[in-house]
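Here's the structure we're looking at; comments come further down.
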C-alpha cells in the first residue's frame, strides 16, 4: 500500500511539473522535453518555470467551439487598440467604433438570426435602457418577472448592441422580459456612476415587480457591476433581488484589484497575441480603494452573506476563472447558495460572441434561464 501511494504521489507531481492539462490530451511524446529544451523547474515559492510547449484545443469541447475560438483570437487581434492610462475621449470613441464594427455588430446579426426578439429603447429616470422580449411574447409564468442585463466592455466600451447581444438568447429561450442598462462608462465617467445607473433602474422596477422576481446578470465588467450593485443596494437599504449571475469575473473591484493574479491569469490562453498596457477597468476604478465596500464587496462579511443565490460562469480558457472560483468559495463560506458553471474550452465570455449554434453556448443559455427560473418568484 505504501509503494502504491508513493507511486501515485510521484505521478501527481510529474503531472504538475509537466502542466498536463486533462482536457488537452497531450501525448507522452509531446510532453517529453527535447535535448535542447529547458526542463520544468519548481521554485520554493510554488512558481513553475516552463519550457515552451504546445497546448492543443480541448478534444472534449465541440468542433464548433474550436472554430469559434480561432475566429475570436483573430478578431481580437484585429480589433485591438492599446489600452493606456492616458486615453482621451477621442481615442475611446475610435476604440468603441472599432469594437462595435468588428465584433459586436456581426455577432448581434448572427444572434438575432436565431433568437427572434422585440426591442424597445427608452429611458428610466434618465438612464438609457433597452427592453428585449421574445417575439411571441412573455410567457404566463414570467408575466411578473424581469431580468436586468449588464453588458461587458471593461467599463470603456459596449452599449446598446452589446446589451441586446447578451440579452436576446435568454429572452427568447426563457420567454422572459430583459432590461439591458446602458450605464455610464469611463473615461467620461468614474465609479460609482454605473452603480448609480443600475440603482435608478432597479428602484423604478421594484415599483412594478417584487424584488424576489427580479434577476440580474452580466459578464466581465457587467459581472463586476452586478456584484457592486448588490453592495450598493445593501448600503442604500434597497431590497435584495431574487437571484444574480456573475460571469467571467469575480466579486468586486478596485484600483489594484487586478494585480491579484490566480493561476488562470497565466494559463487561460485567452487574448493571446497581445498584452494590455494598463487594464481597461483601471480608467473607471482610478483612485478607488480596494477597501471600499461599494466597489469591492468582499471586504464585508455582512454584504457577502446578503448576496442572493448566485450562478458563476467561466471557462477553462477564461482569464477570469481563478477570480470566479475564489468568489464562489467566498459566497459558500458566507452560506449563500451558489451554482458554479465552468465550460470546457471556453474563454472569457465566449457565449456572447454571437455563434448561437455552438452546443456549449446553447447549454449555457438554457442553464442560465433554468437557474433564474428556479430562484425567482412568480407572483
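Bear in mind these aren't lab numbers, they're just calculated from the coordinates by the rules spelled out. Predicted, not measured: the structure shown is a model, and the values here were computed from it. Every residue, glycine among them, receives a Cβ derived from its backbone with ideal geometry; neighbour counts consider all protein chains shown.
Full extension of the chain between residue 41 and residue 334 gives 101.7 nm of extra length, using 0.36 nm per residue less the Cα-Cα distance.
Stretch residue 119-residue 289 to full length: gain in nm at 0.36 nm per residue minus the Cα-Cα span? Provide the component values of the computation, followed by the final result.
Numbers: separation 170, 0.36 × 170 = 61.20 nm, distance 3.81 nm.
My answer for the length gained is 57.4 nm.
Can you figure out the FRET efficiency of residue 93 with residue 173, using R₀ = 41 Å and their beta-carbon distance, to the nearest 0.05? Taking R0 as 41 Å, the efficiency between residue 93 and residue 173 is 0.75.
From largest to smallest, the equivalent ellipsoid semi-axes obtained for segment 63-375 from the alpha-carbon gyration tensor read 25, 23, 20 Å. When each of the peptides 217-230, 160-173 is scored by how many other beta carbons lie within 10 Å of its residues on average, the order from highest to lowest is 217-230, 160-173. Segment 140-193 and segment 91-115 have their alpha-carbon centroids 15 Å apart.
With neighbours defined as other Cβ atoms within 10 Å of a residue's Cβ, the residues 203, 231, 322 order from fewest to most as 203, 322, 231. For segment 178-267, the relative contact order comes to 26 percent (Cα pairs under 8 Å, sequence separation of at least 6).
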